[in-house]
1. Would you please name the trypsin sites (Lys or Arg not before Pro) within the stretch 108-159 that are DSSP coil residues with at most 12 other C-beta atoms within 10 Å of their C-beta?
2. Taking only Cα atoms and a 10 Å spring cutoff, compute GNM fluctuations for the chain and point out the largest among Ile14, Ile67, Ile138.
3. Just going by the charge dipole of the stretch 28-159, with Lys and Arg at +1 and Asp and Glu at -1 on Cβ, which of Leu56, Thr82, Ser147 is farthest out on the positive end?
4. Given the convex hull of the Cα atoms of the stretch 68-159, what is a quarter of its surface area in nm²?
5. On full extension of the chain, what length is gained from Lys81 through Ile45, given 0.36 nm per residue of separation minus the C-alpha to C-alpha distance?
6. Have a look at Leu56, Leu119, Leu47 and tell me which one the Gaussian network model of the chain (Cα, springs below 10 Å) gives the largest fluctuation.
7. Relative to the present Cα-Cα distance, how much length would full extension add between Ala90 and Phe64 at 0.36 nm per residue of separation?
8. For the pairs Lys78/Lys148; Lys36/Lys149; Lys36/Lys148; Lys25/Lys145; Lys105/Lys140, note any where the Cα-Cα span goes beyond 29 Å.
Amino acid sequence: MTIAIMQPYFFPYIGYFQLVNSVDKFIIYDDVNFIKQGWIARNRIILHGEEHYLILQLNGASWFKKINEIHIGTNADKLLKTIYQAYNKAPFFPSSFPIIEKIIKVNIKNLADFLINQLIILTSYLGISTELLISSSINKNNNLKGSKKIIHICNILGA
């Protein structure tokens, strides 16, 4: 059995989905520390020909909190407006924008839960049927750190 373990990202890059599709089980690593300048709550798009950051508003985010301990704010409408402005003339926009709206307008305030919901919606849309598991729901030794914790999870799941 093959397993991959990754932190959740806000609209992940294509390689993330390729990884999800290539394994038997994909573990969403939600009980590790949040990385402030990482891709957990932000992404880049092209707006008016220039790079622009899409950033989920977060409440109480810090590097010493776990991803599943952080809550998102209320900038959903602003994010949707920005995406609309950037891509409303793009091919397939009419069929893909409702999916983006469904993801962003969901009434989930926990960052990890929001990103897990996003991943479920996107993998379904892409036809990826890999089993998704959530790290915090696995009964494991949370005192382990780094690669020892990852190996421990893999051993529990029979990788």
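The values are calculated or read from the model by the stated rules, or taken from the named source; none is laboratory data. Predicted model, so just to flag it, every value in this text is computed and none were measured. When we count neighbours, we look across all protein chains shown, and the Cβ atoms used for this are built from the backbone with ideal geometry, even at glycine. With ligands, DNA and RNA removed, areas are computed over all heavy atoms of the protein, side chains included. Shrake-Rupley method; radii C 1.70, N 1.55, O 1.52, S 1.80 Å.
1. Lys145
2. Highest fluctuation among the options: Ile14.
3. Ser147
4. Spelled out: convex hull of the Cα atoms, projected over all directions, averaged, 7.9 nm².
5. 11.7 nm
6. Looking only at Leu56, Leu119, Leu47, the largest GNM fluctuation is found for Leu47.
7. Working it through step by step, the gained length comes to 5.4 nm.
8. Table pairs above 29 Å Cα-Cα are Lys78/Lys148; Lys105/Lys140.
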